């Protein structure tokens, strides 16, 4: 087979990429192809932050391919039509593709299968360390609880990471479009691409991932989302058990979504919630003006960086879904509008976990923002960084909303809390409609 197509999607890397590796070994030449799919814009997923990061990824991938004698062929339009055009132009036989889990990815694969039949080769465990259907409980198509999944995941065989290719021979003269220039919504967006991702991985030293101001998280999630880094390689290349466990959580959500694509929009475990609706409250939450500094700090970090600390994600989500009792879909949509690592599987299912409609076996779990602030930002450093109007306050004073209510530059709390748990009287909420 003289020419094969490696159709990149969320695997924008050369290291440990079975799609590119197999395309190279099966053909004399390969077409590294990425299609700026017009269908993605209709889903609302193609937002500026991820568009800007994606543009970085594509430029980095093209540069890496050129250093190996090839280049990236970039097209815009319908992914099936553009792939078929490239196949006709080059006489390509096989089309290699990484398996996806979202409804969008599954529709894309189905349409490509209709167009190419057996010439479409789909590779599992490219976007995850363990393929979504590789481990399942007896008589079921997926694990609904993380702990037994984690045991099975840890025992599952994983392929060995593949090296980056030394040479990528590409047929000459295949036309493409330039990488688009995209202005992000968040001014402090991280740089995209495999080079930036691998550099961050090399620099990262595992530390406290829950202390907000310490920022000990790896910040590798955007690079995993776009496939600039391989989950398989990361799992094999670290001895930090907590980090590997987070990779397992990521795979867990992917296997749930692969089996139940509808949970991107509907409750995994319906609880009959009657969500509260208040546009003023929702706008205040989005803007980081709830009157609870730890919540506001997280929302402002999201706006500035297109990223948020993992503990802050839990706190801000719990505040919206459990304290204000707003529909988790409202919060998930706002996160997806800004998060550079915005991932349907992890974003939607983490929101459902917090809201009590997902896989959490304790659906009534509530995170009190005051207690959490004292525990994970005891000296207020995280709040002072992201809520500058409170920067002059010392220590834990920033976590006392009742003392801040008289300040002209900071809002009063949206709701009152009493005790160590949620007590705003909203458990029933107003009918959703």
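The numbers here are math on the coordinates, done by the rules we state, and not lab data. Here the structure is a predicted model, which is why all the values come from computation and not from measurement. For neighbour counting, all protein chains shown are included, and Cβ atoms are generated from backbone atoms with ideal geometry for every residue, glycine included.
Miscellaneous remarks
- Semi-axes of the equivalent ellipsoid for the stretch 279-404, computed as √(5λ) from the eigenvalues of its C-alpha gyration tensor and ordered from largest down, come to 23, 16, 13 Å.
- Cα-Cα P(r), the stretch 150-298, percent of pairs per 5 Å interval: 2, 6, 10, 13, 15, 16, 16, 11, 7, 3, 2, 1
- Cβ-derived FRET efficiency at R0 35 Å, residue 177 paired with residue 262, nearest 0.05: 0.55
- With a Förster radius of 41 Å applied to the C-beta separation of residue 208 and residue 416, the computed FRET efficiency comes to 0.85.
- For the stretch 174-241, Kirkwood radius (reciprocal of mean inverse C-alpha pair distance, Å): 14.1 Å
- Difference of contour (0.36 nm per residue) and Cα-Cα distance, residue 238 to residue 407: 56.1 nm
- Taking N as its residue count, the alpha carbon Rg of the chain over 2.2 N^0.38 Å: 1.03
- Alpha-carbon centroids, the stretch 30-78 and the stretch 313-384: separation in whole Å: 31 Å
- As a length-normalised measure over Cα pairs under 8 Å and 6 or more apart, the relative contact order of the stretch 279-404 settles at 25 percent.
- Look at the alpha carbon pairs under 8 Å that are at least 6 residues apart: their mean separation over the length of the stretch 1-85 gives a relative contact order of 35 percent.
- Rounded if a/c under 1.5, otherwise prolate or oblate - the stretch 115-231, Cα gyration tensor axes: oblate
- Cα convex hull of the stretch 3-125, projected area averaged across orientations, nm²: 7.2 nm²
- Using C-alpha pairs under 8 Å with a sequence gap of at least 6, the mean separation divided by the residue count of the chain gives a relative contact order of 18 percent.
- With R₀ set to 35 Å, the beta-carbon distance separating residue 46 from residue 215 gives a calculated FRET efficiency near 0.75.
- Full-stretch length increase - residue 365, residue 110 - with 0.36 nm per residue and alpha-carbon distance subtracted: 87.9 nm
- Subtracting the Cα-Cα distance of residue 136 and residue 271 from their residue separation scaled by 0.36 nm leaves 46.1 nm.
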